[in-house]
1. With labels modelled as points extended 7 Å from the Cα through the Cβ direction, what inter-label distance (nm, one decimal) is found for B:Trp112 paired with B:Asn26?
2. Report the number of Lys pairs in the range B:4-172 whose alpha-carbons are under 29 Å apart, with separation of 8 or more residues or on distinct chains.
3. Under 11 Å from the Cβ of B:Ser28, count the other residues' Cβ atoms, weight Lys and Arg +1, Asp and Glu -1, and hand me the total.
4. Using the alpha-carbon centroid of each, what span in Å lies between the range B:51-75 and the range A:44-83?
5. Could you work out how far apart the two model spin labels at A:Asp124 and A:Asp69 are, taking each label as a point 7 Å from the Cα in the direction of the beta carbon, and quote it in nm?
6. Per residue of A:117-125, count partner chain C-beta atoms within 10 Å of its C-beta, then hand back the mean as an integer.
7. Between A:Glu141 and B:Lys96, what is the FRET efficiency for a Förster distance of 41 Å, r being their Cβ-Cβ separation, to the nearest 0.05?
8. Using alpha-carbon positions, what is the distance between the centroids of the range A:104-158 and the range B:119-157, in Å?
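The values are calculated or read from the model by the stated rules, or taken from the named source; none is laboratory data. Computed from a prediction, not measured in an experiment: that's the story for all the values here. Virtual Cβ from ideal backbone geometry, glycine too; neighbours counted across all protein chains shown. Surface areas here come from the heavy atoms of the whole protein model, side chains and all, with no ligands, DNA or RNA. Shrake-Rupley method; radii C 1.70, N 1.55, O 1.52, S 1.80 Å.
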Amino acid sequence: MIKEKNKLDRRKVAQKLLKGRKDILVITGLGGTCWDITSAGDDDLNFPMWGGMGGASMVGLGLAIAQPDKKVLVVTGDGEMLMGLGSLATIAAADPENLSIIVFDNEHFGETGMQKTHTAKGTDLVKVAEAVGFRNVSVIENQESLESFDIKTHSQNGPMFCVIKISNNNPTPVLPPRDGAYLKDRFRQALLGKKSAI
Amino acid sequence: MSDDKNIKSEIPQWPNTIYNTIKSKNFSQVCYVPDAGHSKLITLCESDTDIDCVTLTTEEEGVAMLLGTWLGGKKGLLLMQSSGVGNIINMLSLAKTCRYPMLMLVTMRGEWGEFNPWQNPMGEACRPVLEKIGARVFNVEDSINVETTISAAAEFAFNSQQAVAVTLSQKLIGTKNFLTDMK
Ligand SMILES: Cc1ncc(C[n+]2csc(CCOP(=O)(O)OP(=O)(O)O)c2C)c(N)n1
């Protein structure tokens, strides 16, 4: 067990992960990761989800298959991932090389009042991912392993699955735009150009 | 007429019609939880190297996946049976909120001459719940309407950026009787 005060700060983790992201396509789950990724910089190539709990990784899969030459990164919470556990099996079976899933694991449903999730009670998401067929899996629990983690190199030989253990502090939300149609059109225009609206 | 010919004329052609229609409209991703009624279409799609087929563990994964498909500039199709509609309702909020086009083909159970009463609740609820969460629903009962309906439904979905379901009636696909069909 890592002491709470030694756990990683989610906002700093987000900033470190996305530093120099260039054209990585980023999907977030609802809840804390939506605010974390936005705090690292709102970007046209972010698709922050405000709903659809359990669906973030599958949005990533559809996108990764549609855009095989781009890197797709899903950043989501442990609660959100647990609701879509089956999608890990689906993704492992589909085997998209360019898809990475990173779970910010605070072992709680942060957004709804900090109830413990299953990862606080024994569920090991990395083992789940491994068991359904992910070969590129890792866990980051301290500053040192975070420092040596580089999304561009670690996401080679995907699909990649990584759990980052973070502290369960609940920082004030940093909100991205909330209109889904706007977020979708903004993303498509940045990725596909103006013609995408026709 | 020889027996042979009789048998051949009974093999349903509508799955091929659906396949040809989605090909002509450049669908490149197909995801599904299988239903017996979709098995031929699934086989056709899986043998097509230009179509990425994804097997889902639950239908709601497909609704989320097709958002990603559209974000990436491609077109996708979700196949399921009517019971699967019960698994996707909250996820269809995405289609309504984000206004992305998606086409679902739903093979009906619990609707016409059903053998298994456990299918009936979702057979009955299928259309109303889809409509309540904002999807348009078109029904096909006769093979002569398959091409025009799938084609019109796809146009509707992609021109209006909205979720559209085509329900394929048991009148079209036939009713399943485990005692005689599963021998
Ligand atoms: C289908 C559904 N069930 C429940 C909720 C309520 N809800 C919103 S966020 C959330 C928890 C998210 O927890 P987690 O993914 O661990 O994120 P974090 O702790 O980082 O906020 C829940 C249960 C919801 N939005 N949708």
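1. Label-label distance for B:Trp112 and B:Asn26, simple model: 3.4 nm.
2. 28
3. After counting each charged neighbour, the total is +1.
4. Between the Cα centres of the range B:51-75 and the range A:44-83 lies a distance of 11 Å.
5. 4.1
6. 0
7. Taking R0 as 41 Å, the efficiency between A:Glu141 and B:Lys96 is 0.55.
8. 40
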